[in-house]
1. Quick one: what pairs do we get from region 271-294, first residue over 14 Å from D260 (Cα atoms), second of a type in the set (S, T, Y) and more than 11 Å from the ligand (Cβ to nearest atom), C-beta under 6 Å, 6+ apart or different chains?
2. Is region 149-171 home to any residue that is within 14 Å of the ligand (Cβ to nearest atom) and among the hydrophobic types (A, V, I, L, M, F, W, C)?
3. Given the conditions (1) touching a residue at least 40 places away in the same chain (Cβ under 8 Å); (2) over 30 Å from S239 (Cβ atoms); (3) not charged (D, E, K, R), report the number of the one that H94 does not fulfil.
4. Collect the residues in region 115-146 that are of a type in the set (V, I, T) and buried (at least 24 other Cβ atoms within 10 Å of the Cβ), keeping them in residue-number order.
5. I'm trying to understand the selection: among the residues of region 287-297, which are more than 11 Å from the ligand (Cβ to nearest atom) and not hydrophobic (A, V, I, L, M, F, W, C)?
6. Report, by residue number, each residue of region 175-206 that is loosely packed, with under 13 Cβ neighbours inside 10 Å and not in a loop (DSSP other than H, G, I, E, B).
7. Step by step: first the residues of region 62-87, then only those that are surrounded by 18 or more Cβ atoms within 10 Å (Cβ to Cβ) and of a type in the set (A, V, I, L, M), then the one that is farthest from F281 (Cα to Cα). Which residue is that?
8. Could you say which residue among A96, A72, A105 is at pLDDT 95 or above, more than 16 Å from the ligand (Cβ to nearest atom) and within 25 Å of L313 (Cβ to Cβ)?
Amino acid sequence: SPIGVPNLRECQLATDRSVVGPLTTVQLNCCLPIPRSNVVDFTFGKYKATTKRLRMPAHKVGSNYIAKYRRAYELMRSLPQDDPRSFATQANVHCAFCNGAYKQAGDDSVLLQVHFSWLFLAWHRWYLYFHERILASLVGDPTFSLVFWNWDDQRDGGNFMPAMFLPTDSSLYDAKRNQANLPPTLVKLVPGITGNNSEIINQNLNAMYQDMVTNDNAELFMGGTYVTGTDLSNSTVLSAPLGGSIENGVHNAIHFWTGDITQPLIQDMGTFTTAARDPIFYAHHSNVDRLWDKWRYGLPGGPRDDHSDPDFLNAEFYFYDENGSLVKVKVSDALDSSKLGYGYPEVAADELWINYSP
Ligand code: C2O
């Protein structure tokens, strides 16, 4: 049966482990606030999109956009920790559903995990959807949109840590990043690749081509079946047999590349418990989300198909909305980003990896 929403009253410490270097285990409390009002069932009617949000590439937005973005995160960071809309709670949502704070709804011998399977793309889409709505409501601007970190762009300036996240006095800054990877260091879409810049660019394009173009069915690209009873406690970012190519490949690579390698778990971005404490996380996932749409509709050979198994479509998650209410959502409602009221511009540099020949 499909994954259901967990009982938030039964919460345990989350566990995280290092995947490189000496084994370090960290346990932390990322239990989520218990809602004071009833759970809201998501419908498109209740969450009407009044304006269309256009998510822009982080390296191309202007100073007014950045000022508003900073302001939004400043406000989010200033909310009390136990407010469901606070930055701390937002980060804990990721920790809680990725590091075993909750048991699966229908099988309490198994912990809930939203990575390493077909849930990955849809869960993160919903996560960004509500995160963006909260930021928009905090700045009082319904057009407020997340940016995307266009790390796959190997030609027009997207393949660096975006400048807007770098000033140390900004709400978009996070101290736990790899200081060796600040601009002008190019991103690496495969961990550990070496060579001069043109060799790195070439390997980055190859990685994009493999993850996006070669892996043309839902199983390979999105990930495999995860239902009630599926236990992924032995999966890690280094070995996730049910994980899709986009997750296991370029997505993980950016997490590793961004996190601070002097930290035992490559915090913040390099590990699930802390990844979403870095505002750059949401821009990273915005690009993953854009690439999902691109994979589905924008590649040669015509549209590709998402999973259509009811166990996929009917999986349910919890998120907090801009009113602090707990909302129950379904995977099937996440499959069309335009219905959710946002989209992405065409990115010309996509053609470089689409037309790459290995
Ligand atoms: Cu939930 Cu990029 O990880």
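1. The qualifying pairs are P279/Y73; R290/Y344; D293/S337.
2. yes
3. Only one criterion in (1) touching a residue at least 40 places away in the same chain (Cβ under 8 Å); (2) over 30 Å from S239 (Cβ atoms); (3) not charged (D, E, K, R) is unmet by H94, namely (2).
4. Selection gives I134 alone.
5. R290, D293, K294, R296, Y297 - these are the residues of region 287-297 that are more than 11 Å from the ligand (Cβ to nearest atom) and not hydrophobic (A, V, I, L, M, F, W, C).
6. Of everything in region 175-206, those that are loosely packed, with under 13 Cβ neighbours inside 10 Å and not in a loop (DSSP other than H, G, I, E, B) turn out to be Q179, A180, N197, S198, E199.
7. So, considering only residues that are surrounded by 18 or more Cβ atoms within 10 Å (Cβ to Cβ) and of a type in the set (A, V, I, L, M), the one farthest from F281 (Cα to Cα) is L79.
8. Of A96, A72, A105, the one residue that is at pLDDT 95 or above, more than 16 Å from the ligand (Cβ to nearest atom) and within 25 Å of L313 (Cβ to Cβ) is A105.
The values are calculated or read from the model by the stated rules, or taken from the named source; none is laboratory data. Just so it is clear, the structure is predicted and the values come from calculations on it, not from any experiment. Positions of Cβ are generated from backbone atoms using ideal geometry, with glycine treated the same way; all protein chains shown enter the neighbour counts.
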